[in-house]
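Here is the structure we will look at.
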Amino acid sequence: MTEPSLTLDERGDIDFVLTLRRRWADRLYPALRREYEAAAGDTPPADRKAATPVIHDLPRYRWFAWLERGAQKQMWRAVSDAVADWPAIETPAAPKGSLELDPAFTAPDWYTDWDIHVQPGGIWRADHNAQVYALGAKLVMMGENDDYGFHRLFTRDCLAGFETPPRRVIDLGCGFGKSTWPFRQALPEAEVIGVDLAAPCLRLAHAKSEALGLAVRYIQADACATGLEARSADLVTATMVIHELPQPALKAFFAEAARLLAPGGRLLVLDFQFTGDPFRDLAMLEHGARNNEPFMPGMMAADTAGMAREAGFAAARWVAFDERGGGRQESLAWPRRAEWHFPWALLEAEMPA
């Protein structure tokens, strides 16, 4: 499936938003930090709670917050206009893989009650929403993931822990497949399954995988209750999913992942964690409100590694992840960077053999 070419005006609108987001990240954020360090003086706040009133009083912070949400809205407007006349998602002829949609499926209220990421209509209402999401996902990454290198890097690090290649991979919350098809490319002999709540995203994922010549099985189901066979997977993954789950669903997610994995199987989750830097952590915490991600603060504050261990996993821990190419780090210590960037981290856990 090839995306239609953008017109010059559409490309211009999208490039404007992309440039705005980059300057927000590499100019405004460092300036805000300098302002914070000057206000904090020789005795900076020891933790996020103590830093909050200092940061909120900074003249630049209101502009930082306003521009983050405003640029997000502008991004979706530009992308939605660009995608408006795209053809509907086509069902591939003679598919290599499969698409299993449930006409009676009802997504949970916590999922449908929010326009997550401030995307109007969410990603689950119609094919158009999935196409908007797929194009907008590139801009969210500041244009640095246009070829999905971020997800291939994640795939590389997931597979590095295996002595023999996994035979079955289940990708929970797969969206339009950007986190799923890299596993099929890397594991031509394995069965790769993508699970998601949103039928439009699954239709798009199926079409994109088929266009790449990849046989992937896509299933509409709740990642917390997939209905797939117990102890059937060697690897269960999730990218940018668990920060969108409320606490009860978060615990159910780990229980389901444990149920799906065979003894010795591994769970790899790519998401966000606090860095220990009060300034950076508050900006990330309040990003959840500015980006319509109501469950992000709760997930980041929760003992998710402990939840994984309670579900039966062994040696569950978070390590930092450098999306610029370094990938998995050996500890929860992020490389020093001046610009704004998401605090990517990997939760890795294993089922006892």
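Grab the other residues whose beta carbon is less than 9 angstrom from that of A315, score K and R as +1, D and E as -1, and report the net.
0
How would you order 191-203, 267-279 from highest to lowest mean count of nearby Cβ atoms within 10 Å?
With the highest mean Cβ count within 10 Å placed first, the list reads 191-203, 267-279.
Just report the Cα centroid separation between segment 283-348 and segment 95-129, whole Å.
What the calculation gives is 25 Å, centre to centre.
Expressed in nm², what is the orientationally averaged projection area of the convex hull enclosing the Cα positions of segment 83-195?
Value for segment 83-195: 8.9 nm².
Mean-square fluctuation check for the chain, GNM, Cα pairs under 10 Å: which of A255, A82, A160 is largest?
A160
Search the structure for amide H atoms under 5 Å from the amide H of T239, placed 1.01 Å from N in the peptide plane, and list their residues when 5 or more places away or on another chain.
L270
Relative contact order for segment 61-193 using alpha-carbon pairs under 8 Å, separation at least 6, rounded to a whole percent?
Computed value for segment 61-193: 20 percent relative contact order.
Keeping every protein chain present and rolling a 1.4 Å probe, give me the accessible area per residue for segment 34-163 in Å².
Accessible area per residue: 56 Å².
For segment 34-153, what number results from the quotient of the Cα radius of gyration and 2.2 N^0.38 Å?
1.52
Figure the gain on full extension for R337 and A289 (residue separation times 0.36 nm, minus the Cα-Cα span) and round it to one decimal in nm.
14.9 nm
At a threshold of 8 angstrom on Cα-Cα distance, excluding pairs fewer than six apart, so keeping six or more, what relative contact order does segment 192-238 reach in percent?
45 percent
Could you state the per residue volume, in Å³, of the convex hull enclosing the Cα atoms of segment 195-353?
136 Å³
With a sphere of radius 10 Å drawn around the Cβ of R167, what net charge do the other residues whose Cβ falls strictly inside it have (Lys, Arg +1; Asp, Glu -1)?
-2
Expressed as a fraction of 2.2 N^0.38 Å, the rule-of-thumb size for a compact globular protein of N residues, what is the C-alpha radius of gyration of the chain?
Ratio of Cα Rg to 2.2 N^0.38 Å: 0.99.
For E90, what charge total do you get from the other residues with a beta carbon under 12 Å from its beta carbon, if Lys and Arg give +1 and Asp and Glu give -1?
0
Output the relative contact order of the chain, whole-number percent, from Cα pairs under 8 angstrom with separation of 6+ residues.
18 percent
Quickly estimate the mean residue ellipticity at 222 nm for the chain, helices only: each DSSP H run with n ≥ 4 gives -39500 (n - 2.57), and the total goes over all residues, rounded to 500.
-13000 deg cm²/dmol
Please report the carbon-and-sulfur percent of the accessible area for the chain; probe 1.4 Å, protein heavy atoms only, DNA, RNA and ligands left out.
53 percent
Residues of segment 262-353: accessible area per residue at 1.4 Å, in Å²?
36 Å²
The values are calculated or read from the model by the stated rules, or taken from the named source; none is laboratory data. Computed from a predicted model, the values in this text were never measured in an experiment. Note that each Cβ is placed from the backbone with ideal geometry, even for glycine, and that neighbours are counted across all protein chains shown. Surface accessibility is based on the protein's heavy atoms, side chains included, excluding ligands, DNA and RNA. Shrake-Rupley method; radii C 1.70, N 1.55, O 1.52, S 1.80 Å.
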